[in-house]
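Q: Mind having a look at this structure? Questions to follow.
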Amino acid sequence: MDDSGLPPNWEVRHSNSKNLPYYFNTSEKISRWEPPSGTDTEKLKKYMATHHSATQISSTSRPEGKIRAAHLLVKHRDSRRPASWRESNITRTKEEAMAIIKGHEQKIKSGAVSLGELAMSESDCSSARKRGDLGYFGKGDMQKEFEEAAFALQPGEMSGVVETASGLHLIERLV
């Protein structure tokens, strides 16, 4: 196991089409978005934050009717897909996930860390590599609860905890 925390023959590569990292097995020639079993997730988090975090995406003119937001997602075992780049099988309860995200919310509100900085190592969404930035989206592009919370925010404002089928989110409207 190297400093990435991945098992032998696995490496992190970058998808040009999605502009996101993925995991590739060099001997079996298979790729996947989630880390393979046997990954040291703590080592992987540090490796990804050092080698695969995007810098803040520059603000361009906003497409008509769209907003741009970032989020931090904490999944739980009842999420619609209880797996992420951080953990291949998420077993925490919704209550445990709520305690985790409330802790993140307090760190952000205290000014100790930004949502984007925390998302890079703690978010269960692949957007973590982009500081949680989801890019521009319009009405109907996201899950209803997420969309309603994001569109209700002013630029620079952060939501409280938002629950969707994907898990628990903190959302920051960027534009």
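The values are calculated or read from the model by the stated rules, or taken from the named source; none is laboratory data. On a predicted model such as this, the values are computed, not experimentally measured, just so you know. Neighbour counts run over all protein chains shown; Cβ positions are idealised from the backbone, glycine included. Each accessible area value is taken on the protein alone, full model and side chains, heavy atoms only, with ligands, DNA and RNA left out. Shrake-Rupley method; radii C 1.70, N 1.55, O 1.52, S 1.80 Å.
Q: Of the residues that sit in region 62-84 and are within 20 Å of PRO35 (Cα to Cα) and touching a residue at least 60 places away in the same chain (Cβ under 8 Å), which one is surrounded by the fewest Cβ atoms within 10 Å (Cβ to Cβ)?
A: ARG80
Q: Take region 143-170 and flag every residue that is under 18 Å from ARG81 (Cβ atoms), out of contact with any helix residue (DSSP H, G or I) (no Cβ under 7 Å at 6 or more places or on another chain) and free of Cβ contacts under 8 Å to residues at least 24 places away in the same chain.
A: To start, the set of residues in region 143-170 that are under 18 Å from ARG81 (Cβ atoms) comprises 143-146, 162-169.
Those left that are additionally out of contact with any helix residue (DSSP H, G or I) (no Cβ under 7 Å at 6 or more places or on another chain): 143-146, 165-166.
Of everything in region 143-170, those that are under 18 Å from ARG81 (Cβ atoms), out of contact with any helix residue (DSSP H, G or I) (no Cβ under 7 Å at 6 or more places or on another chain) and free of Cβ contacts under 8 Å to residues at least 24 places away in the same chain turn out to be GLN143, LYS144, GLU145.
Q: Next up: Looking at region 128-175, what strands (runs of 3 or more DSSP E) fall wholly within it and have at least 1 residues that are over 13 Å from LEU73 (Cβ atoms)?
A: The strands (runs of 3 or more DSSP E) meeting that bar are 133-137, 167-173.
Q: Quick check on LEU170: is it within 14 Å of the chain's Cα centre (by Cα) and more than 30 Å from PRO7 (Cβ to Cβ)?
A: Numbers: within 14 Å of the chain's Cα centre (by Cα): yes; more than 30 Å from PRO7 (Cβ to Cβ): yes.
For LEU170, the condition - within 14 Å of the chain's Cα centre (by Cα) and more than 30 Å from PRO7 (Cβ to Cβ) - is met.
Q: Looking only at region 105-140, count how many residues are open to solvent by 50 Å² or more (accessible area, probe 1.4 Å), at negative phi, without any contact (Cβ under 8 Å) to a residue 60 or more places away in the chain and of a type outside the set (A, V, I, L, M, F, W, C).
A: The number of residues fulfilling the criteria is 5.
Q: Further question on the same structure: Any residue in region 33-45 that is closer than 7 Å to LEU6 by Cα sitting within a Cβ distance under 7 Å of a residue that is open to solvent by 50 Å² or more (accessible area, probe 1.4 Å) and at pLDDT below 90? List the pairs, counting only those 6 or more apart or interchain.
A: Pairs found: ASP40/MET1.
Q: Any chance you could count how many residues in region 85-131 are touching a strand residue (DSSP E or B) at 6+ places or on another chain (Cβ under 9 Å) and under 16 Å from TRP33 (Cα atoms)?
A: Matching residues across region 85-131 total 10.
Q: Given the conditions (1) farther than 21 Å from ALA152 by Cα; (2) at pLDDT 95 or above, which single one is not true for SER126?
A: (2)
Q: Here's a follow-up. Of these, ALA99, ALA70, ALA128, which one is over 23 Å from LEU20 (Cα atoms) and among the aliphatic types (A, V, I, L, M)?
A: The conditions single out ALA99.
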